Amino acid sequence: MRTEIKINEFERVDDLHRNGYKIIQDPKRFCFGVDAVLLSGFARVKKGERVLDLGTGTGIIPILLAAKTMGAHFSGLEIQEESVEMARRSVALNELEEKVSIHFGDIKEVSGLFSGQSFEVVTSNPPYMNEGGGIVNPYSAKAIARHEVLCSLEDVVSGAAKVLQEGGRFYMIHRPHRLTDIILLMRQYKLEPKRLRFIHPFQDKAPTMVLVEGVKGGNPMIKVEPPLIIYLEPGKYTQEAYDIYYGEGQA
């Protein structure tokens, strides 16, 4: 008989609509958003592959990828101890201890935590904001998740390059206004950009996010995929967005 998983004050348990999996979250700290779900739909994980998620927060991406793919093992690296503890409880809640592991540590020290070429796939939903304007408490959980307080875009890209196998794939979601920085850094660290997909809230609105795939040591050539539109109208997903959230054929 399994030990009951503790749910602390202010925490809630949210249904991920995949394999019956759930995640523990604290709205006072930080809750995952659409970007994590979209990244889990964009990343390609083959049977038997090992995956590392950099800056995993409460473990949403490893848990979603465990539900959606045939990967062998999913690791998450997170610097905030409270988030690590919460993510580990979510892993236990879903009885995924044999498939998902959450590690406490700094992205800047990833090569000391994992041996080189340990993973076929690395994912990251990193902090988007590279300036500190508007941060009331720069070390709050929300500030760390949203702003480059404890790690930079370069830290994420270089960290991925250090632990990926040659030919391994790096997947990231970010903001379109950082695209020049993203491509330059990926090239600098030999993660050749191969796929781009822009995310639009509505068909007639500018993109608010971009998904990027890079291949370690890949040949130069990039494919820009058709845009992903999230909403047909306020509150109503497009079929593709719905399928990413809930699985195909669930409508």
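The values are calculated or read from the model by the stated rules, or taken from the named source; none is laboratory data. No experiment lies behind these values; they were computed from the predicted model shown. Cβ sites come from the backbone with ideal geometry, for glycine too, and all protein chains shown count toward neighbours.
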Original post:
List the pairs whose first member sits in region 51-79 and is more than 19 Å from R29 (Cα to Cα), whose second member is at pLDDT 95 or above and among the acidic types (D, E), and whose Cβ atoms are under 6 Å apart, counting only residues at least 6 apart or on separate chains?
Top reply: P62/D53; G71/E49
**OP:** Residue by residue through region 208-249, note down the ones that are among the aliphatic types (A, V, I, L, M), farther than 15 Å from L179 by Cα and surrounded by 14 or more Cβ atoms within 10 Å (Cβ to Cβ).
**Re:** V215, L228, I229, I230, L232, A241, I244
Subject >> Residue count for region 39-82, restricted to those that are within 20 Å of L153 (Cβ to Cβ), assigned to a helix (DSSP H, G or I), in contact with a Gly (Cβ under 8 Å, 6 or more places away or on another chain) and not β-branched (V, I, T) >> reply: 0
**OP:** Could you please let me know if Y237 is closer than 29 Å to K22 by Cβ, touching a strand residue (DSSP E or B) at 6+ places or on another chain (Cβ under 9 Å), among the aromatic types (F, W, Y) and in contact (Cβ under 8 Å) with a residue 12 or more places away in the chain?
**Re:** no
**OP:** Would you check which residues across region 1-38 are in a strand (DSSP E or B) and charged (D, E, K, R) and list them?
**Re:** R12, D14, D15, K22, D26
Original post:
Within region 185-192, is there a residue that is polar (S, T, N, Q) and either crowded, with 18+ Cβ neighbours inside 10 Å or part of a loop (DSSP other than H, G, I, E, B) (or both)?
Top reply: no
**OP:** Among what's in region 83-108 and is of a type in the set (K, R) and part of a helix (DSSP H, G or I), pick the residue that is farthest from G41 (Cα to Cα).
**Re:** K108
Original post:
For the subset of region 192-238 comprising residues that are of a type in the set (A, V, I, L, M, F, W, C) and over 21 Å from the mean Cα position of the chain (by Cα), which member is farthest from V156 (Cα to Cα)?
Top reply: L232
Subject >> Given (1) surrounded by fewer than 14 Cβ atoms within 10 Å (Cβ to Cβ); (2) touching a strand residue (DSSP E or B) at 6+ places or on another chain (Cβ under 8 Å); (3) part of a loop (DSSP other than H, G, I, E, B), index of the condition K205 fails >> reply: (2)
